[in-house]
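Beneath this line is the structure, given in structure tokens, with notes to follow.
The values are calculated or read from the model by the stated rules, or taken from the named source; none is laboratory data. Being a predicted model, the structure only gives us computed values, none of them experimental. Note: ideal-geometry Cβ built from the backbone for every residue, glycine included; neighbour counts use all protein chains shown. Protein only, heavy atoms only, side chains kept; ligands, DNA and RNA dropped before computing areas. Shrake-Rupley method; radii C 1.70, N 1.55, O 1.52, S 1.80 Å.
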Amino acid sequence: MGRTTFIISLLLLTGLFMPAFSEVKTISISSGLQNTVMPEEKTTLEPESKALRQEEGPEVVELEEELSQFEQYISGVKNASTISTDLRQFGYKLFAKPPSSFAPVETVPVGPNYVLGIGDEIKIAVWGNVEGLWSVFVDRDGNITLPRIGTFGVTGLTFNELKELIYKEFSKYYTGFQMNVSMGSLRTIRVYVMGNARMPGAYTVSALSTLVNALFEAGGPSKTGTMRRIELKRGGKTISEFDMYEFLLNGDKTKDVRLLPEDVIFIPVVGQLVAVSGNVRNPAIYEIKTESRLSDVLEMAGGLICVAFNGRVQVQRIKDHQFKTILEGDLIGLEAHPEKNLILKDGDLIKVFSVTEAKDTVFVTGAVANEGEYGIIPGVTRLSNVISLTGGLLYYASEQAELTRLNVTPNGPQIEVFVIDLLRALKGDTEHDLSLEMNDYIFIRAVPGWGLYKTVSIAGEVRFPGEYTIRKGERLSSIIKRAGGFTEKAYLKGTEFIRQSVKQFQQERLNEIAERLERELLSVETSQVATAFSADEAKILQSEAEQKMRFISALRTIKAKGRIALKVSEPDVLMQTPYDIELEEDDSIYVPRDPLTVQVVGAVYNQSAFIYDKGKDYRYYISLAGGYTKNAEKSSIYILKADGTATRPGGGFFGIFEDIEAGDTIVIPERLQRIAWMRNIRDITQILYQIAVSAGVLIVVF
């Protein structure tokens, strides 16, 4: 079907285009008992409009019909190795035909709900005991005048109400008559089409016109105007929002509102655009609404055609100022795999491949915009083609690549490695722009010694806290200097240095400890239950089992901090010490204020924080906390220092004795003998200490 014929056919089906008629639809009203019987409707067809007659005869130029994709596939015209991206924005072609080529809209039949207004022509035919034919116009006062009947108002009445009123007025003076009431020429109204229209301005249209009719008059939205959110404003309020896609794709015209004088049709800026190319029924550029997924847009494009290959779709996106492939995979079960059913973004390009196109894949890694698996046609697709699919080389790519190929031979698999000169390959030198085979592995090398920027954060009592990029080999003292050094309120002994790699290691250790304790506890529990002598003993064992499970659950919730214990000092001094460590990606430094307090926790009567008093030892602060409880394990007291280390008063496996300082925490454990099932676990005290130090928390077991 040619383009012109297609558009006219579409308009005929939707009521936007009607052939000219000599007489508008009329309804008869008879007098007396017959006044409810309507005579047969009459329509007389005039010669076809000039626009249609121009297409008759030998002068008609037939438009060359485009081949469908299936026709191209069958005829062999379609190039299997390429997907055309010569696409146009969907729907705008509908408005390409000048509106003057269509019959005037005032010839559309008048419905019973048509509202009369100033300038409308009314035709009245009466026969029987009285005969007459009148054609009157609604005057500026909203009235019509009929001989002998007089003057009466009609504006604001519906067409149905008008017929009833005229019959009633005639019945005051005449009997035994029949009557026909019809509309002649209709009034015009002025409306405005504004915003991103192709031809914005004021338009005089028929009173029967709808929003879509006015859009045709204005040439529709421009390419910068939306097709999805066309607004109809009346009296300063938006009374309707029309989605042209609903009309084009589903034939839904329910929101095509009848226009009134001074209505404003406003076309906002076009929304997000995505392109669908390849083997779908209607490749085009589509305007999407928020939260549109890949499956939604493919459905909008008419779905896949019969020669589409379900196993391969590609989505490309502008990312980091580059065009990257963000999806290359399987369309089967798309709805069941949300991670592949992407929420699309403005500028995305979707390519749907055919069964004749690549089904085999190669893997690309290294300094390319988007690493991943890409489809090829073995022996046809070249290295440069696949690099293009990835979005191209990154700026730190070297001039060399490496291609590894696995060949199947009678003696088993053999590996070939090709060193590629990328500059020559991208220029089309076939010696280096190799044709690819299934399962080839392509590695694009980065320039020697390349590493992307790494960042660390420093916060708290430094002059310029924030996130800093670091050089290779940069140390802690350097970043402190760059942050302006410490403020006068900084408490250097309490500096927290958090490292992600340490955090991961500590978490693994905590998980191992939790698993070990769980195994030991459950092993002991099994043997105890088997030797229970009475119901009371079994009940006690059951209670202990519940305690054990709560304890294990608590252990599993503990998260490592990743803190490295450092003795931090001013940068110039720090540089001369082993604590001036080399920085890593995502290191975090926090310098607190002097807390001026010491905390006492555990088996004391009043766990709290107390004002630091220089020179006082740990016993002073325990006394402030009310002293030991009867279950305190005095021999196991330890101190968590502000710098992240741990000590024991008087020495021990935690280190030598140190004075109490601001920010320290004194921990008084409870006697484990109180919990019988704990006594059966080897080194439980040391294990709990290790957890406390690693995670910076006090372990409470009951």
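Per-structure values
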{"item": "Convex hull volume of segment 117-156 per residue (C-alpha atoms, cubic angstrom)", "result": "64 Å³"}
{"item": "Potential lengthening between V257 and K614 on full extension [0.36 nm per residue; Cα-Cα distance subtracted]", "result": "120.2 nm"}
{"item": "F309, F216, F137, ranked by accessible area, largest first (probe 1.4 Å)", "result": "F137, F309, F216"}
{"item": "Ordering of 590-602, 164-176 by packing [mean C-beta count within 10 Å, highest first]", "result": "590-602, 164-176"}
{"item": "Gyration tensor verdict on segment 455-518 (Cα atoms; rounded if a/c is under 1.5, prolate if a/b is larger than b/c, oblate otherwise)", "result": "prolate"}
{"item": "Nonlocal amide H pairs with G366, under 5 Å, H built at 1.01 Å", "result": "I444"}
{"item": "Fraction of alpha-carbon pairs over 23 Å apart in segment 335-493 - percent", "result": "58 percent"}
{"item": "Accessible area (Å², per residue) of segment 207-321, counting only protein heavy atoms and a probe of 1.4 Å", "result": "42 Å²"}
{"item": "Solvent accessible area, Å² - Y192, 1.4 Å probe, full protein context", "result": "60 Å²"}
{"item": "Shape category assigned to segment 405-528 from the gyration tensor of Cα positions, a/c cut at 1.5", "result": "oblate"}
{"item": "For R293, distant residues with modelled amide H under 5 Å away", "result": "L344"}
{"item": "Semi-axes of the equivalent ellipsoid for segment 394-466, Cα gyration tensor, largest first, Å", "result": "42, 17, 8"}
{"item": "Portion, in percent, of the accessible area of segment 348-460 that falls on carbon or sulfur, probe 1.4 Å", "result": "53 percent"}
{"item": "Distance histogram for segment 554-669 (every C-alpha pair counted, 5 angstrom bins, percent rounded to whole numbers)", "result": "2, 10, 17, 19, 19, 15, 10, 5, 3, 0"}
{"item": "M575, M179, ranked by accessible area, largest first (probe 1.4 Å)", "result": "M575, M179"}
{"item": "Other-chain or far-sequence residues with amide H under 5 Å of V604's (modelled H)", "result": "T629"}
{"item": "Surface accessible to a 1.4 Å probe, K345 within the full protein complex, Å²", "result": "110 Å²"}
{"item": "Accessible surface of W134 - all protein chains present, 1.4 Å probe, nearest 10 Å²", "result": "50 Å²"}
{"item": "Debye intensity ratio I(q)/I(0), log10, segment 169-292, q values 0.13, 0.14 Å⁻¹ (C-alpha model)", "result": "-0.61, -0.67"}
{"item": "Estimated distance in nm for a label pair at D320 and Q504, the labels positioned 7 Å out from Cα along Cα-to-Cβ", "result": "1.9 nm"}
{"item": "Accessible area, probe 1.4 Å, largest first, for residues M300, M244", "result": "M300, M244"}
{"item": "Segment 127-269 - percent of accessible surface contributed by carbon and sulfur, probe 1.4 Å", "result": "50 percent"}
{"item": "Full-stretch length increase - V115, F363 - with 0.36 nm per residue and alpha-carbon distance subtracted", "result": "82.4 nm"}
{"item": "Projected-area mean, segment 122-232, by convex hull of Cα positions, square nanometres", "result": "8.4 nm²"}
{"item": "S435/S543 FRET efficiency (R0 45 Å; Cβ-Cβ; nearest 0.05)", "result": "0.05"}
